[in-house]
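Comments concern the structure below.
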Amino acid sequence: MKLPDFYEADRAAIEAALERLLPSENTQPPSIHRSMRYSVSAGGKRIRPVLCMEAARMFTQNVEAAIHAGCALEFIHTYSLIHDDLPALDNDDLRRGKPTNHKVFGEAIAILAGDALLTLAFQTLAGAPVEPARRARLIAEVAAAAGTVNGMVGGQVADLEAEGKPLNAATLEYIHRSKTAALIRGSIVAGAIAGGAADEDVERLRRFGDNIGWAFQVVDDLLDVEESSAALGKTAGKDQAQKKATYPALYGIEKSRAIAADLEAKAIAELTPYGERAARLRQICEFLVARRS
Ligand code: GRG
């Protein structure tokens, strides 16, 4: 589906900033910098940084700090994909339409590239051009989103431990809200903080982010069933093969679609007080739920 023009413009600003922030390929030791650049530049949708920028734009014209935060979030997201693809986790060969990082650089460098991207994320946040108190809040929010307490790593652990076991709704909800929604919610909250939002707005956007991030993973589950590996740029049909905890597995396709639509509606309802100011965030929601990859 065609992305709105503003999305492409945000994405171009993010690509340029990622390029500036990553050490060049010939910086010593070159192997790790090649490996980091390979996965970051393999062509993701850049959803997290675009959400971060657009959340900030609701409160300010100056989105420089949000671009820093967005790049940090994209570094963390990319680290999670590299590690998730490793033989010890999902053991996958294809990501973003290319061979996975460990297939190209070997497992040791792939592990270290993930570690290095996580570290670079916090270095990037520490350099965000925003007053120190907000910078500290950005660091805390992003760390929590990526961490173990209702965050990405906690969700990933629950996901691994649920494999092959009988499904239940509460565990499935915890996995999706932690593994995936936490970083999406964190991107939106970071954007609001970087943009100077009042506390009440930060909390409203947190609820928005939780619901749209959760919907995003329900849609991801549906795409794994409905789309081909070529369309997704990653191996399709793996969830069922690995007996993963997914919405289609527990509720079936139709009900899962209805759940995603309901979560999208709940997310969009949080934007009501902002009227036209939130038009772009609404458009991104539509794209996230209707996407085919
Ligand atoms: C710490 C050893 C270790 C591993 C970490 C935390 C983790 C492994 C993995 C994160 C879990 C994960 C991969 C969740 C899936 C989230 C998801 C739907 C990813 C795909 O996001 P898109 O569609 O991808 O935004 P692109 O490629 O477009 O950026």
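Report note on the peptides 203-210, 47-54: ranked by the mean count of other C-beta atoms within 10 Å, highest first, their order is 47-54, 203-210.
Using C-alpha pairs below 8 Å separated by at least 6 residues, the relative contact order for the chain is 20 percent. Phi-derived couplings, Karplus 6.51 cos²θ - 1.76 cosθ + 1.60 at θ = phi - 60°, listed residue by residue for the stretch 259-274: 5, 4, 5, 5, 5, 4, 4, 5, 4, 5, 4, 5, 8, 3, x, 8 Hz, with x used for Gly and Pro. Using the Karplus relation 6.51 cos²θ - 1.76 cosθ + 1.60 with θ = phi - 60°, the per-residue 3J(HN,Hα) values for the stretch 173-189 come to 4, 4, 4, 5, 6, 8, 4, 10, 5, 4, 6, 5, 4, x, 5, 6, 5 Hz, with x marking Gly and Pro. One decimal place: the segment Glu276-Val225 gains 14.8 nm when fully extended, by the rule 0.36 nm per residue minus the C-alpha distance. Expressed as a whole percent, the proportion of Cα-Cα pairs in the stretch 7-290 lying more than 31 Å apart is 23%. Ligands, DNA and RNA left out, the 1.4 Å accessible surface of the stretch 7-290 is 55% carbon and sulfur atoms. Positive contributions from Lys and Arg (+1) and negative ones from Asp and Glu (-1), summed over other residues with Cβ under 11 Å from the Cβ of Gln156, come out at -3. Average projection, convex hull of the Cα set of the stretch 91-165: 6.9 square nanometres. Considering only C-alpha atoms, what is the centroid distance from the stretch 23-96 to the stretch 129-143, in Å? Comparing the Cα centres of the stretch 23-96 and the stretch 129-143, I get a distance of 19 Å. Length gained on full extension, Asn62 to Leu167, computed as 0.36 nm times the residue gap minus the Cα-Cα distance: 33.3 nm. Amide H to amide H, with H built 1.01 Å from N, Arg95 comes under 5 Å of Thr100, counting only residues 5 or more places away or on other chains. Taken per residue, the accessible surface of the chain reaches 42 Å², heavy atoms only and a 1.4 Å probe.
The values are calculated or read from the model by the stated rules, or taken from the named source; none is laboratory data. Remember, predicted model here, so these are calculated numbers, not experimental data. Quick reminder, even Gly has a Cβ in these numbers, built from the backbone with ideal geometry, and neighbours come from all protein chains shown. When the accessible area is computed, the model is the full protein with side chains, heavy atoms only, and any ligands, DNA or RNA have been set aside. Shrake-Rupley method; radii C 1.70, N 1.55, O 1.52, S 1.80 Å.
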